[in-house]
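Structure first, then comments.
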Amino acid sequence: MNVNRGKMTAAAVLAVTLLVVGGVTGYGLHRAGTVGDGRLKVMASFYPMYDFARKVGGDRIQVKDMVPAGTEPHDWEPAATDIRNLEDADVFVYNGADLEHWAEDVLDNQDLVVSEASDGVELLDGGHDHAHGDEGKDPHVWLDPMRAKQEMKNIRDALVKADPGNGDYYEANYEKYAGEFD
């Protein structure tokens, strides 16, 4: 009977040790900001930003879309789990131009590379139906291929800033899709 108790105790100690070591190791990799396989963790605000990040980042990133499919991004608000996922990311990609009204507040307490994809992109007059913000400009710039190309360039720059060792890879992917947009 003492032999079985000794084996059970040894098995319990081994199991606890594996859990502790695995937990510590996993925590260290997770907090390093990369997925366990070295890819950058990228959060995108909604699908077009997700798609552009995926195209430019290729297999060197893991990208997640914050706004669920079928949800209107204009009205969406991040939940606590979305904020937690953002805290664990290396890069956050969002359109900007007042489309994600929540982004500025969420980013105040974040330490990550941020790509406001519409930065430097000329916005169109929004008219009555598509105007956002005080200036009445249309933030849906990804619908125009030349403006979308500039958004992808901004995303590329953020990925290179977060992962300069793969800069040539991100540049090549950008050039491929920019050519298609042309």
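The values are calculated or read from the model by the stated rules, or taken from the named source; none is laboratory data. Keep in mind the model is a prediction, meaning the values are calculated, not measured. Here the Cβ is made from the backbone with ideal geometry for all residues, glycine too, and neighbour counts use every protein chain on show. For the accessible areas, the whole protein counts, side chains as well, though only heavy atoms, and no ligand, DNA or RNA atoms are used. Shrake-Rupley method; radii C 1.70, N 1.55, O 1.52, S 1.80 Å.
Close amide H partners of V114, meaning residues 5 or more places away or on another chain with modelled amide H under 5 Å apart, are F92. Measuring only protein heavy atoms, the 1.4 Å probe finds Y177 accessible over about 50 Å². Residue order by solvent-accessible surface for R60, R156 is R60, R156, largest first, with ligands and nucleic acids left out and a 1.4 Å probe. Relative contact order, whole percent, for the range 78-182 stands at 23, derived from Cα pairs under 8 Å and 6 or more residues apart. Inter-label distance, D75 to L143: 1.9 nm, where each label sits 7 Å from its Cα along the C-beta direction. With both labels modelled 7 Å from their Cα along Cα-to-Cβ, the R84 to E171 distance reads 4.0 nm. Of the whole protein surface, K137 contributes about 70 Å² of accessible area at a 1.4 Å probe radius. Residues H74, H101, H140 ordered from highest to lowest accessible area at a 1.4 Å probe: H101, H74, H140.
Amide H contacts under 5 Å for G126: K137, D138, restricted to partners 5 or more places along the chain or on a different chain, H placed in the peptide plane at 1.01 Å from N. Distances between placed amide hydrogens fall under 5 Å for E100 paired with no residue 5 or more residues away or on another chain. Here the 3J(HN,Hα) profile of the range 94-104, calculated from phi with Karplus coefficients 6.51, -1.76 and 1.60 at θ = phi - 60°, is 9, 5, x, 6, 6, 6, 9, 4, 8, 4, 4 Hz, Gly and Pro shown as x.
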